[in-house]
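Student: The structure that follows is given in the form of structure tokens.
The values are calculated or read from the model by the stated rules, or taken from the named source; none is laboratory data. Everything numeric in this text was worked out from a predicted model, so none of it was measured. Note: ideal-geometry Cβ built from the backbone for every residue, glycine included; neighbour counts use all protein chains shown. Only protein heavy atoms, including side chains, enter the accessible area calculation; ligands, DNA and RNA are left aside. Shrake-Rupley method; radii C 1.70, N 1.55, O 1.52, S 1.80 Å.
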Amino acid sequence: MGGQELSMKFSNDIYATRADVKREMKTGLIDGIWNEILKYRSNFNNVLKLRHVDSTAYVVCLTPKIAERVNTIERKLLKLSKNYTDLCKIRTEKEFDIISKTKILKTIGKLYNIETNESLLYSISNGSLTNVSPEFLILTRYLKCLDEIGNFASKEIDDNTIGTFYSYLLGTEDLTEYYRTKDFENKFSKYITGRVYLGIPYGIIDRSMEQLLNFIQYSDISGFIKAICTFYYLYYVKPFETHNEEIAILMLKKILAFNDYDKVASLINFEELLMNKDELESVVFECQRTYDLTYFLSYCLNAIDKLVADALDDVANAEKIGVRHDFYQNDSYQNNIPSLNRTNMLDDGVTKVEGTKVNESVTTIPKETIQPQEPVSSSFETKPTEVVPPVQEANKTVVQNVEKIDESEFKTTPSQQTFAHESVSNEPGVMVNFAQNIAISNLPTGLSEEEASKLENHLLELNPYLTRGQAYFYARHCTIGMCYTISQYKKEVGCAYETARCSMDNLVTLGYYVKKQLKNKYIYTPVKKG
């Protein structure tokens with residue numbers, strides 16, 4: 001195998017360390033091969049605004065296979081966000097919230113060696129247990145951090161964001177101290193080998209955290225990679241006396257929530273990334289030796305893929321619970337409808353007197369007339385009948401002087417776009433008939449979901465500058481003559497407002513929409529293409 005093939009193998013199939021290459025090649029004489037690998041990787045390096053303690057900039061290497069893996073995870077996260085939005089529409093998201101929070105708190109309990117049980121965690125997650133013993137306070141405090149992310153996903157990230165998490169975890173609103181003022185007295189407080197730190201000297205924490213904030217606010221790298229790099233940097237710097245690892249995970253969630261994925265980012269059990277510390281810290285050390293955060297990114301991709309898959313399963317389970325609940329609720333409602341004396345319900349939703357046949361001449365009264373209605377205008381044509389309105393009490397419906405109603409009076413053709421209504425007035429013995437016409441006879445329709453999905457995939461293949469969210473929105477909002485807004489994009493895709501604005505403006509730049517200002521908002525009109 002040639003040098004180029006080896007470079008691609010050890011950078012794409014696996015992102016190998018120098019030790020990995022030695023082990024694979026079964027020789028220590030790999031200087032030439034390793035130089036070829038580094039040369040190949042340099043074509044895909046992205047220099048970050050984050051620096052090591054010796055002021056060397058970190059890089060992340062997005063080789064074709066790694067970039068593809070990142071895109072796959074981002075699409076899954078986008079799908080998770082959309083599915084969660086669908087849960088919110090049918091009001092069953094609470095089931096998913098409780099399931100997810102219970103899992104997360106269970107992981108936090110393991111990190112702190114706290115003995116918990118499902119009942120306790122469930123009670124804390126759904127808010128029914130507020131007064132807890134001191135050993136469980138970290139769970140309620142961590143839950144408060146999750147709610148902060150979920151409830152304020154679009155809130156800007158600044159120097160107060162990390163401080164808010166730290167104060168919540170400490171259980172105080174007044175921080176007497178902020179960054180730590182001494183070095184850690186453990187094996188990670190000094191050089192391990194060469195340039196490696198885990199908990200940098202306290203004197204340069206301020207400078208390092210300023211770099212991190214600038215990276216979060218101004219780097220143009222994808223939100224997912226930005227979140228992973230922030231997780232690494234906080235784990236490496238360890239700016240506080242305590243709770244550094246939890247804050248690193250919370251910031252990962254906050255950045256994902258702010259960029260594209262809103263509340264659902266706070267409910268993925270990223271805390272599992274902290275469970276295998278030995279493996280995690282060996283990857284952190286490798287990143288510091290090489291100034292290459294791709295090792296950390298690759299490690300996280302493997303773990304996060306499963307975590308997102310688990311979250312998607314939990315969303316599906318929550319949806320099933322909601323559907324099952326609605327089914328039994330409706331079944332219970334039908335079984336408990338008050339029976340009307342001597343009456344039955346026909347399939348078309350009308351009431352008939354017992355003892356008559358369907359084709360017999362009977363007076364039919366639509367179900368909606370059971371409830372009293374507002375008086376109608378006298379300008380409508382009225383037709384007197386001898387029908388006595390039903391008594392508004394269960395089991396006392398009486399129909400007298402049966403007379404057949406001419407149903408042709410209520411029929412309209414679809415082309416007329418007319419709604420026919422039948423109502424009983426407040427005046428006894430009067431049946432009111434009226435027809436209501438709508439002004440627009442032909443309502444514009446978009447593509448079917450199947451057609452929209454095909455167009456979405458076609459757009460992504462046709463234009464590499466489109467994101468999945470932009471293609472998804474445009475495929476379902478491309479009717480000529482219609483006007484769309486940033487708020488529609490935000491709601492449909494399930495992202496932050498700023499992400500929606502940038503996405504719509506990108507669609508304008510690429511020629512899919514024309515942007516116009518209408519008073520204090522912008523509207524986007526599709527451009528005819530092809």
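Student: Given the conditions (1) open to solvent by less than 20 Å² (accessible area, probe 1.4 Å); (2) closer than 25 Å to Lys306 by Cβ; (3) under 34 Å from the mean Cα position of the chain (by Cα), report the number of the one that Phe10 does not fulfil.
Tutor: Of the numbered conditions (1) open to solvent by less than 20 Å² (accessible area, probe 1.4 Å); (2) closer than 25 Å to Lys306 by Cβ; (3) under 34 Å from the mean Cα position of the chain (by Cα), the odd one out for Phe10 is (3).
Student: Right, another one. Can you list residue pairs whose Cβ atoms sit under 7 Å apart, with the first residue in segment 506-525 being within 15 Å of Pro464 (Cα to Cα) and of a type in the set (Ser, Thr, Tyr) and the second being open to solvent by less than 40 Å² (accessible area, probe 1.4 Å) and part of a strand (DSSP E or B)? Count only pairs 6 or more apart in sequence or on different chains.
Tutor: From residues that are within 15 Å of Pro464 (Cα to Cα) and of a type in the set (Ser, Thr, Tyr), the pairs are Tyr512/Pro526.
Student: Same structure again: How about segment 44-68: which of its residues are hydroxyl-bearing (Ser, Thr, Tyr) and part of a loop (DSSP other than H, G, I, E, B)?
Tutor: The answer is Ser55, Thr56, Thr63.
Student: Also: Of the conditions (1) buried (at least 17 other Cβ atoms within 10 Å of the Cβ); (2) out of contact with any Leu (no Cβ under 6 Å at 6 or more places or on another chain); (3) under 24 Å from Asp314 (Cβ atoms), Leu48 satisfies every one except a single condition; which number is it?
Tutor: All conditions pass for Leu48, except number (3).
Student: State whether the residues of segment 111-120 include one that is part of a helix (DSSP H, G or I) and open to solvent by 70 Å² or more (accessible area, probe 1.4 Å). Break it down into steps so the answer makes sense when it comes.
Tutor: The first filter runs over segment 111-120 and keeps only residues part of a helix (DSSP H, G or I), leaving 111, 118-120.
With open to solvent by 70 Å² or more (accessible area, probe 1.4 Å) added as a condition, the list becomes 118-119.
Checking segment 111-120: at least one residue is part of a helix (DSSP H, G or I) and open to solvent by 70 Å² or more (accessible area, probe 1.4 Å).
Student: Show the residue pairs meeting these rules: Cβ distance below 9 Å; 6+ apart or different chains; first residue within segment 263-282 and touching a residue at least 60 places away in the same chain (Cβ under 8 Å) and within 15 Å of Lys110 (Cβ to Cβ); second residue open to solvent by less than 70 Å² (accessible area, probe 1.4 Å) and aromatic (Phe, Trp, Tyr).
Tutor: Qualifying pairs under 9 Å: Glu271/Tyr142; Leu274/Tyr235.
Student: Which one is surrounded by the most Cβ atoms within 10 Å (Cβ to Cβ), of the residues in segment 193-222 that are in a helix (DSSP H, G or I) and in contact (Cβ under 8 Å) with a residue 60 or more places away in the chain?
Tutor: Leu212
Student: Looking at this structure, is Asn71 closer than 30 Å to Tyr472 by Cβ, open to solvent by 50 Å² or more (accessible area, probe 1.4 Å) and not in a helix (DSSP H, G or I)?
Tutor: Details: closer than 30 Å to Tyr472 by Cβ: yes; open to solvent by 50 Å² or more (accessible area, probe 1.4 Å): yes; not in a helix (DSSP H, G or I): no.
Taking the combined requirement at face value, the residue does not satisfy it.
Student: Also: Determine which single condition Ile90 fails, assuming it passes every other condition in (1) among the β-branched types (Val, Ile, Thr); (2) open to solvent by 50 Å² or more (accessible area, probe 1.4 Å); (3) more than 28 Å from the chain's Cα centre (by Cα).
Tutor: So the condition that Ile90 fails would be (3).
Student: Confirm whether Thr85 is farther than 30 Å from Gln217 by Cα, touching a Gly at 6+ places or on another chain (Cβ under 6 Å) and of a type outside the set (A, V, I, L, M, F, W, C). Spell out how you get there, then give the answer.
Tutor: On the way: farther than 30 Å from Gln217 by Cα: no; touching a Gly at 6+ places or on another chain (Cβ under 6 Å): yes; of a type outside the set (A, V, I, L, M, F, W, C): yes.
No, not satisfied.
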